[in-house]
Each structure stands twice: as structure tokens, then as C-alpha cells.
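Visitor: Let me give you the structure first, and then I'll get to my questions.
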Amino acid sequence: MKYLKCLTISLAVLISNNLYGQNIQKSKASLKGESFSFYYRLPAEKTEGILVLLPGWGESPQSIFKKTELPAVLAQRGYLTVVPELKRTLFADDFQLAEIDLMISMLKEKHSLGAIPLVIGGLSAGGSVAIGYAEYLLSEGKNSGLKAVFVIDPPLDLERMYISSERKIKYACLGLVQKEGVFIKNYLENALGGSPVSKPDEYLKRSSFSANAVDGGRAKFLKNIPVRLYAEPDLEFVRKTYCSDLQFDDINATDLEKLNKFLQQAGNTRSEYIATKGKGFHSWNIPEAKDCADWILKSGNQQH
């Protein structure tokens, strides 16, 4: 739904095409009886690392290669970039975790890739899944080669998001904001079995970050890894565009600010919150491609 912007291998088919002037390959796979596709760009020469980019809610994976220059920049510097189809979800559920695992293993097998650095990033809901996947790898102690994670304006704290949805329903602003509030409230109640009051453990389990938990919830697993949190916290823009009643706690930047503060207080000196201006609210344009690529390569060369 457009208003969210405010916010087992069984088959492998490879197709090469000149997408947006780039040599993008497509692969299909099946997991638990459900098929999905992913698109990737190989580097110009030897593959030295993998970047997993996760699209926002409803974004087609192939469109990401047009929306950000990051895959093109990294292709010249030894990184394979892969973008999967994602189910419409606001958190990393078990299916999404297994899907990304499968996709990476398929790529490594197909292209004979050994122990190379892995970096994961995403926009909006895809950023939520990216953080969740990083936490999953780190909590399980998997030898994945994960070196860093970056996200662009994702919702991370589902309890905060639920409370915000209730406010949006009550604001004196009809239309998009109210519809978003109703949708998110219903989505979270259906996905997690109720509200944060009735199902606190589910919200803690599925949130990438829980601001009200002393240990940050699952964010505690991010203490020893480079993290970049990008946002353009343009409250004036969203008030003018959507609803004058909106508060800072109604936009995703509040989660990123709080997560960065938590990680830095926990001793993570490689956590960064990057707030931009003039890049575009909730957009792939927020990270500067070359700067982000430099950070990815630097992180990939570090030992944790």
C-alpha cells in the first residue's frame, strides 16, 4: 500500500539482461513451497565481497539498481550486489531469514565464492529486515562473514510504531495518515497476535530494537559490528505534506537516533547516525553512493 512510504533449493534459473544499462542476472528459487526471485550484479572482476540490499515495502527488486548508484559503484570495486523479492513485512520473520540464507548460499555455490565479506543494507521495511537478519546471524554465532549493516529510514521498534499508529488514528487529519494508522495497527495485531500490552514478548522478539528494554532487545547483538543508520528527519516536510499533528516519534528517525545512542553507550564506537538534508524524505538518495561504498569496503577489511 502506497501510504507505507510514510514509513530447500528446488529451482534455479539464471537470466542475463541489460537492465538500466547494467548486466543484471536473475535467479529463482523455492522455499517451503513458495517461489521467489532475486537479482544481482557481478563485479567487473573477481568477487571480493557480497552486498545484500533489501527493498522497501512493495518495491520491485530490479528497480533498486536504478534508484541507487551503489551497485554500480561497488561493481567496480569487487562487490557483488544482490536484491531479493521480499514479502510485505515490517520485521524479519522466519521465512525472510531462511530466504536470505538460501539466496546467499545459492550465489556462493553458483559462483564458487568462499569466505568473503558480507554486508547487508536496506530501505524502510527492507532496512528492518536487514537489521533483523544481522542480529540473527550474530545471535546464532554463524560463520557468515558478516562485516557491517546499514539501513535507510526503517521502523525498528514495533512497540513505538504501534503507539504511533494509535496516535495517527486520533489526529485531526483524515486521509493518508489516518489510513496508515489503521493499517499498521491491524497489521501488527494480526502479525504478532495483539498489542504490545497483550503480547509484549512477541514485540520484543520481532523488534530489531526495543527502546524500553534495558538491554535494547535484539539490538544488543549489534554491539561489536559497524552500523550506519541513515535518515532525513524532515518533520516540517511530513507535517506540511501529510498532517500538521505529526510528532518526531511518528517518524522512523526516532528509532535510529535512539538505537545509535544505545549502541554508543554500550561501547560500539563504530555506530553512526547520519541525518541528511535535501536528499529526499524516505529515499534511496539519502546515502551518498561513493561514501557508502568506501565505508562498506573499509568495514569489509576490518577484523571484529
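Visitor: Between a residue in the range 199-220 that is modelled with pLDDT of 95 or more and any residue that is surrounded by fewer than 18 Cβ atoms within 10 Å (Cβ to Cβ), which pairs come within a Cβ distance under 6 Å, given they are 6 or more apart or on different chains?
Guide: Final answer for the pair search is Lys199/Gly193; Glu202/Gly193; Ser210/Leu204; Gly217/Leu204.
Visitor: Mind listing just one residue for me: the one in the range 205-245 that is assigned to a helix (DSSP H, G or I) and over 18 Å from the mean Cα position of the chain (by Cα) and, of those, surrounded by the most Cβ atoms within 10 Å (Cβ to Cβ)? Lay out the reasoning, then the answer.
Guide: Narrowing the range 205-245 to residues assigned to a helix (DSSP H, G or I): 205-206, 217-222, 235-241.
So of that shortlist, the ones also over 18 Å from the mean Cα position of the chain (by Cα) come out as 235-241.
Values: Leu235: 14, Glu236: 8, Phe237: 14, Val238: 20, Arg239: 15, Lys240: 11, Thr241: 13.
Applying the filter and picking the extreme gives Val238.
Visitor: Also: Can you pull out every residue in the range 42-66 that is among the basic types (Lys, Arg) and either within 19 Å of Glu99 (Cβ to Cβ) or under 18 Å from the mean Cα position of the chain (by Cα) (or both)? Quick ask: steps written out before the conclusion?
Guide: Step one: filter the range 42-66 for residues among the basic types (Lys, Arg), giving 46, 66.
The answer is Lys66, and nothing else.
Visitor: OK, next. For the range 247-257, state whether one or more residues are surrounded by fewer than 19 Cβ atoms within 10 Å (Cβ to Cβ) and touching a strand residue (DSSP E or B) at 6+ places or on another chain (Cβ under 7 Å).
Guide: yes
Visitor: Pairs under 8 Å by beta carbon, first residue aromatic (Phe, Trp, Tyr) in the range 86-103, partner crowded, with 18+ Cβ neighbours inside 10 Å, six or more apart or different chains?
Guide: Phe91/Ser128; Phe91/Val129; Phe91/Gly132; Phe91/Leu158; Phe91/Arg206; Phe91/Ser207; Phe91/Ser208
Visitor: While we're looking at this one, here's another question. Considering only the range 258-273, state which residues are hydrophobic (A, V, I, L, M, F, W, C) and buried (at least 19 other Cβ atoms within 10 Å of the Cβ).
Guide: Across the range 258-273, the qualifying residues are Leu259, Phe262, Leu263.
Visitor: Additional query: Of (1) surrounded by fewer than 18 Cβ atoms within 10 Å (Cβ to Cβ); (2) more than 28 Å from Pro61 (Cα to Cα); (3) touching an Asp or Glu at 6+ places or on another chain (Cβ under 9 Å), Ala289 satisfies all except one. Which?
Guide: Every listed condition holds for Ala289 apart from (2).
Visitor: Of all residues in the range 109-138, which are in contact with a strand residue (DSSP E or B) (Cβ under 8 Å, 6 or more places away or on another chain) and either surrounded by fewer than 23 Cβ atoms within 10 Å (Cβ to Cβ) or assigned to a loop (DSSP other than H, G, I, E, B) (or both)?
Guide: Listed by number, the residues that qualify are Lys110, His111, Leu113, Ile116, Pro117, Leu118, Ser124, Leu137, Leu138.
Visitor: Here's a check for you: in the range 180-194, which residue that is farther than 16 Å from Leu156 by Cα and small (Gly, Ala, Ser) is surrounded by the fewest Cβ atoms within 10 Å (Cβ to Cβ)?
Guide: Among those that are farther than 16 Å from Leu156 by Cα and small (Gly, Ala, Ser), it is Gly193.
The values are calculated or read from the model by the stated rules, or taken from the named source; none is laboratory data. Being a predicted model, the structure only gives us computed values, none of them experimental. Reconstructed Cβ throughout: ideal geometry from the backbone, glycine too, with neighbour counts over all protein chains shown.
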